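A.B. asks: Just passing along the structure, written as structure tokens.
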Amino acid sequence: IILERDLRDALATKAFELHYQPLVELGGDQVNGFEALVRWRHPEQGLISPATFIPIAEETGLIVPLGDWILDQACRDAASWPSHISVAVNVSAVQLRHRTFAQTVLVALASSGLKPERLELEITESVLLDDTESILETLHLLRRTGIRIAMDDFGTGYSSLSYLRRFPFDKIKIDQSFVRNADSAADGAAIIRALVGLGASLGITTLVEGIETEAQLAAVRAEGAQQVQGFLFSAPKPAAEIARMLAGHE
Ligand code: G
Ligand code: G
Ligand code: MN
Ligand code: NA
């Protein structure tokens, strides 16, 4: 089991690392960004998934310093990539509610030199469940600087549609559960079609997550999604590998 002390030690010894997964634009099948996904390199247990430690970091409040590190590192990594490539960073509700959040983001941009237009923040619907006014204010402030805001795991929470009216999201990321049966003419495809249509009418980019097969890609393409992400293109890879890959393609 993971203890608060272990997480503190990991932060102090810089045991976290960021991996990146490509975001693919469907028009020309071009990579136009990467999502940062944190991992913990444990001396005995190897690479530990964020699904294991993020909930504990949230409960203990350690998500604030960890989130600061993630934002700073992601902006630094992205600043070294070609200028048309963006970085998307997951932000947890606890982190977003913290009074220093906006400041942290602006400092990460300033110290890395990354343009705000190259940073996308991914938040989940749960973020908007309570304390909504101050959170909306923070999101508006950040968005005015040019940062883009994406709603992650779209369709898994509830009230999604009312949130789309209350806040001008730049992107919705359609949860991977919908693509699972999208190639079998089942409900998934109908839901993706409806969400892509909704995004189009609101001027919001739609990305479908969790693409693993060519059949799923073809189905999602047919529904008119603009962007995709998934193991078919690449699993999340260490920052150094991304940098090498991008350098090779310049
Ligand atoms: O990469 P992976 O499938 O293991 O991620 C598991 C979960 O952890 C996902 O829900 C993902 O959004 C979350 N996660 C990954 N990286 C981060 C991060 O940097 N910050 C936060 N808050 N969540 C993350
Ligand atoms: O919650 P969020 O969407 O931020 O988390 C993305 C998670 O989904 C990461 O843990 C990432 O490793 C995982 N992921 C990315 N692509 C695929 C995929 O094609 N299939 C599956 N099963 N998981 C994926
Ligand atoms: Mn995400
Ligand atoms: Na997601």
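All of the numbers you see were taken from the coordinates with simple rules; none came from a lab. The shown structure was predicted, so the numbers you read here are calculated from the model rather than taken from an experiment. FYI the Cβ positions are ideal-geometry reconstructions off the backbone, even for glycines, and counts take in every protein chain you see.
A.B. asks: Under a 10 Å cutoff between Cα atoms, tell me which one of A15, A78, A150 has the largest fluctuation in the Gaussian network model of the chain.
C.D. replies: Checking each option, the largest mean-square fluctuation is seen for A15.
A.B. asks: Follow-up question, since we're still on this one. Under a point-charge model restricted to the Cβ atoms of Lys and Arg (+1) and Asp and Glu (-1), what is the dipole moment magnitude of the range 119-173 relative to its Cα centre, in debye to the nearest 20?
C.D. replies: Its charge dipole is roughly 320 debye.
A.B. asks: Sticking with this one: Suppose R0 equals 45 Å; then what is the FRET efficiency for R99 and D29 from their Cβ-Cβ distance, rounded to the nearest 0.05?
C.D. replies: With R0 = 45 Å, the Cβ-Cβ based efficiency is 0.60.
A.B. asks: Expressed as a whole number of Å, what is the distance separating the alpha-carbon centroids of the range 52-92 and the range 95-128?
C.D. replies: Between the Cα centre of the range 95-128 and that of the range 52-92, the gap is 9 Å.
A.B. asks: If I model a spin label as a point 7 Å beyond the Cα along the Cα-Cβ vector, how far apart are those points for V107 and S126 in nm?
C.D. replies: 2.6 nm
A.B. asks: Still on this structure: Please report the antiparallel percentage of DSSP beta bridges with both residues in the chain, rounded to the nearest 5.
C.D. replies: Taking every DSSP beta bridge within the chain, about 45 percent pair in antiparallel fashion.
A.B. asks: On a straight-distance basis, which aspartates and glutamates could pair with K115 in a cross-link, Cα separation under 17 angstrom, same-chain partners fewer than 8 positions away excluded?
C.D. replies: E35, D72, D77, D170
A.B. asks: Give me the angle, in degrees from 0 to 90, between the Cα long axis of helix 50-60 and the longest principal axis of the Cα atoms of the chain, rounded to the nearest 10.
C.D. replies: Approximately 50 degrees, to the nearest 10.
A.B. asks: Lys and Arg at +1, Asp and Glu at -1: add these up for the other residues within a Cβ distance under 12 Å of I191 and post the number.
C.D. replies: Taking every other residue near I191 into account, the sum is -1.
A.B. asks: Which ³J(HN,Hα) values, rounded to whole Hz and listed in residue order, are derived for the range 124-131 from phi using the Karplus coefficients 6.51, -1.76 and 1.60 in 6.51 cos²θ - 1.76 cosθ + 1.60 with θ = phi - 60°, glycine and proline given as x?
C.D. replies: 9, 4, 4, 4, 8, 5, 9, 6
A.B. asks: Assigning unit charges at the beta carbon (Lys, Arg +1; Asp, Glu -1) and nothing else, what dipole magnitude in debye, to the nearest 20, does the range 84-152 show about its Cα centre?
C.D. replies: 380 debye
A.B. asks: In degrees, nearest 10, range 0 to 90: what is the angle between the Cα axis of helix 101-112 and the longest Cα principal axis of the chain?
C.D. replies: 80 degrees
A.B. asks: Can you figure out the FRET efficiency of I2 with L246, using R₀ = 35 Å and their beta-carbon distance, to the nearest 0.05?
C.D. replies: Rounded to the nearest 0.05, the efficiency is 0.60.
A.B. asks: Taking θ = phi - 60°, what integer Hz values does the Karplus form 6.51 cos²θ - 1.76 cosθ + 1.60 yield along the range 25-37, in sequence order, with x for Gly and Pro?
C.D. replies: Coupling constants for the range 25-37: 7, 6, x, x, 6, 9, 6, 10, x, 9, 8, 7, 10 Hz.
A.B. asks: About its Cα centre, how strong a charge dipole does the chain have in debye, to the nearest 20, once Lys and Arg get +1 and Asp and Glu get -1 at the Cβ?
C.D. replies: Approximately 540 debye in magnitude.
A.B. asks: Then there is this: Below 22 Å, Cα to Cα, which lysines can K14 reach? Residues fewer than 8 away in the same chain don't count.
C.D. replies: Once the sequence-local lysines are set aside, what remains near K14 is K237.
A.B. asks: Rounded to the nearest 10 degrees, what's the angle between the helix 132-144 long axis and the longest principal axis of the chain, both from Cα atoms, 0 to 90?
C.D. replies: Tilt of helix 132-144: around 80 degrees.
A.B. asks: What distance in nm separates the simple spin-label points at L136 and T213, each placed 7 Å from Cα in the Cβ direction?
C.D. replies: 4.2 nm
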